[in-house]
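What follows is a short report on a single structure.
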Ligand SMILES: [Zn+2]
(Lines give C-alpha, C1' and ligand atoms only; values in the text may rest on other atoms or scores of the structure.)
Protein backbone atom coordinates (compact mmCIF):
# COMPACT_ATOMS: atom_id res chain seq x y z
CA UNK A 1 0.00 0.00 0.00
CA UNK A 2 1.15 3.49 -0.74
CA UNK A 3 -0.26 6.66 0.72
CA UNK A 4 -0.95 7.95 -2.79
CA UNK A 5 -4.63 8.41 -3.59
CA UNK A 6 -5.90 6.19 -6.37
CA UNK A 7 -7.14 9.19 -8.32
CA UNK A 8 -3.48 10.14 -8.83
CA UNK A 9 -3.01 6.97 -10.89
CA UNK A 10 -5.94 7.93 -13.10
CA UNK A 11 -4.74 11.54 -13.40
CA UNK A 12 -1.32 10.37 -14.58
CA UNK A 13 -3.10 8.33 -17.27
CA UNK A 14 -5.06 11.46 -18.20
CA UNK A 15 -1.88 13.45 -18.77
CA UNK A 16 -0.59 10.71 -21.08
CA UNK A 17 -3.96 10.68 -22.87
CA UNK A 18 -3.86 14.43 -23.46
CA UNK A 19 -0.19 14.41 -24.46
CA UNK A 20 -0.95 11.74 -27.08
CA UNK A 21 -3.81 13.84 -28.46
CA UNK A 22 -6.45 11.29 -27.52
CA UNK A 23 -9.06 14.01 -27.11
CA UNK A 24 -8.61 15.45 -30.59
CA UNK A 25 -11.31 14.83 -33.21
CA UNK A 26 -13.91 14.10 -30.53
CA UNK A 27 -17.40 15.18 -31.60
CA UNK A 28 -20.51 15.88 -29.56
CA UNK A 29 -22.91 14.00 -31.88
CA UNK A 30 -22.07 10.33 -31.31
CA UNK A 31 -20.61 8.47 -34.29
CA UNK A 32 -22.77 5.39 -33.72
CA UNK A 33 -25.92 7.36 -32.82
CA UNK A 34 -26.06 5.08 -29.82
CA UNK A 35 -27.15 5.65 -26.21
CA UNK A 36 -26.10 2.83 -23.89
CA UNK A 37 -27.70 2.22 -20.48
CA UNK A 38 -25.82 -0.32 -18.40
CA UNK A 39 -24.51 -1.25 -14.96
CA UNK A 40 -21.75 0.59 -13.12
CA UNK A 41 -20.02 -2.74 -12.38
CA UNK A 42 -16.36 -2.31 -13.40
CA UNK A 43 -16.55 -5.55 -15.41
CA UNK A 44 -19.31 -3.99 -17.50
CA UNK A 45 -17.58 -1.05 -19.15
CA UNK A 46 -19.03 -0.64 -22.66
CA UNK A 47 -15.85 1.09 -23.86
CA UNK A 48 -14.33 -2.37 -23.58
CA UNK A 49 -17.01 -4.99 -24.23
CA UNK A 50 -18.63 -2.98 -27.06
CA UNK A 51 -15.36 -1.54 -28.29
CA UNK A 52 -16.67 2.01 -27.99
CA UNK A 53 -14.16 4.69 -28.89
CA UNK A 54 -14.33 8.30 -27.76
CA UNK A 55 -17.41 10.01 -29.31
CA UNK A 56 -18.99 6.71 -30.38
CA UNK A 57 -21.89 6.69 -27.90
CA UNK A 58 -23.60 8.32 -24.97
CA UNK A 59 -23.45 6.14 -21.86
CA UNK A 60 -25.46 6.21 -18.65
CA UNK A 61 -24.49 3.75 -15.93
CA UNK A 62 -26.19 3.08 -12.61
CA UNK A 63 -26.75 0.14 -10.27
CA UNK A 64 -28.01 -2.62 -12.54
CA UNK A 65 -28.37 -0.42 -15.63
CA UNK A 66 -32.00 0.21 -14.70
CA UNK A 67 -34.39 2.52 -16.55
CA UNK A 68 -35.20 4.86 -13.67
CA UNK A 69 -37.18 8.12 -13.94
CA UNK A 70 -33.81 9.92 -14.00
CA UNK A 71 -32.61 7.80 -16.93
CA UNK A 72 -35.86 8.40 -18.82
CA UNK A 73 -35.25 12.11 -18.26
CA UNK A 74 -31.73 11.81 -19.67
CA UNK A 75 -32.91 10.00 -22.82
CA UNK A 76 -35.71 12.56 -23.25
CA UNK A 77 -33.21 15.38 -22.90
CA UNK A 78 -30.94 14.01 -25.64
CA UNK A 79 -34.05 13.33 -27.72
CA UNK A 80 -35.11 16.96 -27.50
CA UNK A 81 -31.64 18.20 -28.44
CA UNK A 82 -31.41 15.76 -31.36
CA UNK A 83 -34.82 16.77 -32.72
CA UNK A 84 -33.36 20.21 -33.36
CA UNK A 85 -30.64 18.68 -35.54
CA UNK A 86 -32.71 15.95 -37.24
CA UNK A 87 -36.23 17.12 -38.09
CA UNK A 88 -37.20 13.77 -39.66
CA UNK A 89 -36.39 10.08 -39.40
CA UNK A 90 -34.75 8.07 -36.64
CA UNK A 91 -33.06 10.09 -33.92
CA UNK A 92 -30.78 7.54 -32.24
CA UNK A 93 -30.84 4.07 -30.72
CA UNK A 94 -30.93 3.20 -27.05
CA UNK A 95 -29.45 -0.14 -25.92
CA UNK A 96 -30.35 -1.28 -22.40
CA UNK A 97 -27.79 -3.87 -21.29
CA UNK A 98 -28.15 -5.89 -18.09
CA UNK A 99 -25.60 -8.52 -17.12
CA UNK A 100 -25.08 -11.84 -15.39
CA UNK A 101 -23.73 -11.98 -11.81
CA UNK A 102 -25.11 -8.45 -11.21
CA UNK A 103 -24.63 -7.03 -7.73
CA UNK A 104 -28.17 -5.63 -7.94
CA UNK A 105 -29.26 -9.14 -6.94
CA UNK A 106 -28.54 -8.05 -3.36
CA UNK A 107 -31.76 -6.01 -3.44
CA UNK A 108 -33.68 -9.30 -3.39
CA UNK A 109 -32.31 -9.94 0.09
CA UNK A 110 -34.79 -8.65 2.67
CA UNK A 111 -32.24 -7.58 5.27
CA UNK A 112 -29.96 -5.87 2.78
CA UNK A 113 -32.86 -4.10 1.07
CA UNK A 114 -34.36 -2.87 4.35
CA UNK A 115 -31.05 -1.42 5.53
CA UNK A 116 -30.45 0.25 2.15
CA UNK A 117 -33.99 1.69 2.05
CA UNK A 118 -33.43 3.22 5.49
CA UNK A 119 -30.02 4.54 4.46
CA UNK A 120 -31.28 6.43 1.40
CA UNK A 121 -34.76 7.22 2.70
CA UNK A 122 -36.48 5.23 -0.05
CA UNK A 123 -39.62 3.14 -0.16
CA UNK A 124 -38.55 -0.46 0.32
CA UNK A 125 -41.18 -1.85 -2.05
CA UNK A 126 -39.84 0.16 -5.02
CA UNK A 127 -36.34 -1.16 -4.34
CA UNK A 128 -37.52 -4.76 -4.61
CA UNK A 129 -38.32 -4.13 -8.27
CA UNK A 130 -34.74 -2.99 -8.85
CA UNK A 131 -33.22 -6.36 -7.94
CA UNK A 132 -31.67 -8.19 -10.87
CA UNK A 133 -31.91 -11.96 -10.56
CA UNK A 134 -32.88 -12.74 -14.15
CA UNK A 135 -31.22 -10.14 -16.41
CA UNK A 136 -33.22 -11.21 -19.49
CA UNK A 137 -36.47 -10.56 -17.58
CA UNK A 138 -35.40 -7.22 -16.08
CA UNK A 139 -34.01 -5.91 -19.36
CA UNK A 140 -37.30 -6.83 -21.03
CA UNK A 141 -39.31 -4.84 -18.50
CA UNK A 142 -36.91 -1.89 -18.72
CA UNK A 143 -37.15 -1.78 -22.53
CA UNK A 144 -40.93 -1.77 -22.19
CA UNK A 145 -40.74 1.00 -19.56
CA UNK A 146 -38.65 3.17 -21.88
CA UNK A 147 -40.74 2.49 -24.99
CA UNK A 148 -43.96 3.33 -23.18
CA UNK A 149 -42.67 6.49 -21.50
CA UNK A 150 -44.57 9.52 -22.87
CA UNK A 151 -41.36 11.58 -22.73
CA UNK A 152 -39.59 9.28 -25.20
CA UNK A 153 -40.05 10.05 -28.90
CA UNK A 154 -41.17 7.11 -31.07
CA UNK A 155 -38.28 8.13 -33.33
CA UNK A 156 -35.90 6.69 -30.70
CA UNK A 157 -35.27 2.96 -31.16
CA UNK A 158 -34.89 0.86 -28.01
CA UNK A 159 -33.33 -2.60 -27.73
CA UNK A 160 -32.51 -4.88 -24.78
CA UNK A 161 -29.48 -7.14 -24.24
CA UNK A 162 -27.72 -9.27 -21.66
CA UNK A 163 -23.95 -9.23 -21.24
CA UNK A 164 -22.47 -12.49 -19.95
CA UNK A 165 -19.47 -11.64 -17.77
CA UNK A 166 -18.15 -15.22 -18.13
CA UNK A 167 -18.27 -15.58 -21.93
CA UNK A 168 -17.79 -11.87 -22.65
CA UNK A 169 -20.64 -12.03 -25.16
CA UNK A 170 -23.73 -9.85 -25.48
CA UNK A 171 -27.00 -11.57 -26.38
CA UNK A 172 -29.90 -9.57 -27.76
CA UNK A 173 -33.16 -10.18 -25.90
CA UNK A 174 -35.35 -7.47 -27.45
CA UNK A 175 -34.35 -6.27 -30.94
CA UNK A 176 -34.64 -2.58 -31.77
CA UNK A 177 -38.05 -1.44 -32.94
CA UNK A 178 -37.98 -1.81 -36.77
CA UNK A 179 -39.92 1.45 -37.18
CA UNK A 180 -36.88 3.32 -35.96
CA UNK A 181 -34.19 1.40 -37.84
CA UNK A 182 -31.20 3.53 -38.72
CA UNK A 183 -30.78 4.37 -42.38
CA UNK A 184 -28.70 1.75 -44.15
CA UNK A 185 -25.17 2.94 -44.91
CA UNK A 186 -24.60 3.73 -48.57
CA UNK A 187 -21.90 2.17 -50.66
CA UNK A 188 -20.86 3.50 -54.04
CA UNK A 189 -23.70 5.97 -53.95
CA UNK A 190 -26.37 3.26 -53.83
CA UNK A 191 -28.61 2.61 -50.89
CA UNK A 192 -28.30 -1.02 -49.99
ZN1 LIG B 1 -24.44 -5.02 -12.23
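Scanning the stretch 89-129 for residues that are surrounded by 13 or more Cβ atoms within 10 Å (Cβ to Cβ), within 26 Å of residue 34 (Cα to Cα) and more than 11 Å from the ligand (Cβ to nearest atom) yields a total of 7.
Listed by first and then second residue, the pairs with beta-carbon distance under 6 Å, at least 6 apart or on different chains, first residue in the stretch 90-116 and assigned to a helix (DSSP H, G or I), second within 13 Å of the ligand (Cβ to nearest atom) and at pLDDT 95 or above, are 104/63; 104/64.
Given the condition free of Cβ contacts under 8 Å to residues at least 60 places away in the same chain, more than 20 Å from residue 142 (Cα to Cα) and crowded, with 17+ Cβ neighbours inside 10 Å, answer yes or no: does some residue in the stretch 20-28 qualify? Looking for residues that are free of Cβ contacts under 8 Å to residues at least 60 places away in the same chain, more than 20 Å from residue 142 (Cα to Cα) and crowded, with 17+ Cβ neighbours inside 10 Å, one finds none in the stretch 20-28, hence no. Tallying residues that are under 22 Å from residue 165 (Cα atoms) and surrounded by 20 or more Cβ atoms within 10 Å (Cβ to Cβ) within the stretch 59-74 yields 4. A Cβ distance below 6 Å, combined with a sequence gap of six or more or placement on separate chains, defines the contacts here; from the stretch 150-161, residues that are on the phi > 0 side of the Ramachandran plot reach no residue that is modelled with pLDDT under 95. Mind checking whether some residue in the stretch 51-58 is exposed (fewer than 15 other Cβ atoms within 10 Å of the Cβ), closer than 23 Å to residue 146 by Cβ and at pLDDT 95 or above? No, there is no match, as no residue in the stretch 51-58 is exposed (fewer than 15 other Cβ atoms within 10 Å of the Cβ), closer than 23 Å to residue 146 by Cβ and at pLDDT 95 or above. Of all residues in the stretch 31-67, exactly one satisfies the criterion of being under 15 Å from residue 98 (Cβ atoms) and without any contact (Cβ under 8 Å) to a residue 12 or more places away in the chain, namely 45. Being within 19 Å of residue 160 (Cβ to Cβ) and assigned to a loop (DSSP other than H, G, I, E, B) is the filter here, so list the residues in the stretch 24-42 that pass it. Matches in the stretch 24-42: 32, 33, 40, 41.
From the list 140, 82, the lone residue that is away from the ligand (no atom under 16 Å from the Cβ), within 30 Å of residue 17 (Cα to Cα) and surrounded by 16 or more Cβ atoms within 10 Å (Cβ to Cβ) is 82.
In this entry, residue 61 passes the filter for residues that are within 11 Å of the ligand (Cβ to nearest atom), modelled with pLDDT of 95 or more and in a strand (DSSP E or B).
The values are calculated or read from the model by the stated rules, or taken from the named source; none is laboratory data. What you see is a predicted model; the values in this text were computed from it and never measured. Cβ atoms come from the backbone with ideal geometry, glycine included; neighbour counts cover every protein chain shown.
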